[in-house]
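Q: Mind looking over this structure? Questions follow.
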């Protein structure tokens, strides 16, 4: 597409991902894949594209496949989730985890979960996943959560 002598590039997959997230937000819960596929078909989104975008959304942490993926299909098609939903983390819980990590920059998972439960964080797992997805912390392979302190506190440095 050309505009004012410039070529504009749009990522059709980002647009489709946005439509999918909006639909999942509208539904408000987990939906059967087949229902989402019927909706996508009505929007002109093909099955292969839908699966590819859904798999990317799950990999990025923006969506969840709580019951996993179906085993059917050949190696050329992206796996089909049984159910799909938007990751739901209470914003207050996310802020509590961020505040905790701003003070305790490196903490084991068990200690983090214990401390967060004591202060009333309902779903520590989802809140921590969101904090990590947003780039405020990382989870090491040995089960230690390491914060990026300047991001967590909002200070410039």
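Q: Take residue 23 and decide whether it is surrounded by 11 or more Cβ atoms within 10 Å (Cβ to Cβ) and not in a helix (DSSP H, G or I).
A: Numbers: surrounded by 11 or more Cβ atoms within 10 Å (Cβ to Cβ): yes; not in a helix (DSSP H, G or I): no.
No.
Q: Got a sec? Which of 96, 51 is at pLDDT 80 or above and under 22 Å from residue 145 (Cβ atoms)? Don't jump to the end; show me each part of the working.
A: Numbers: 51 fails: under 22 Å from residue 145 (Cβ atoms).
One residue alone meets the criteria, 96.
Q: Continuing with this model, one more query. Would you be able to say whether some residue in segment 68-80 is within 23 Å of residue 126 (Cβ to Cβ), outside the structural domain of residue 121 (by TED's automatic domain parsing) and either at pLDDT below 85 or within 17 Å of the chain's Cα centre (by Cα) (or both)?
A: Taking segment 68-80 first, the residues within 23 Å of residue 126 (Cβ to Cβ) are 68-69, 79.
Then keep just the ones that are outside the structural domain of residue 121 (by TED's automatic domain parsing); that gives 68-69, 79.
Still in the running and either at pLDDT below 85 or within 17 Å of the chain's Cα centre (by Cα) (or both): 68-69.
Checked segment 68-80: at least one residue is within 23 Å of residue 126 (Cβ to Cβ), outside the structural domain of residue 121 (by TED's automatic domain parsing) and either at pLDDT below 85 or within 17 Å of the chain's Cα centre (by Cα) (or both).
The values are calculated or read from the model by the stated rules, or taken from the named source; none is laboratory data. Note that the structure is predicted; figures quoted are calculated from it, not measured. Cβ coordinates were reconstructed from backbone atoms using ideal geometry, including for glycine residues, and neighbour counts include every protein chain displayed.
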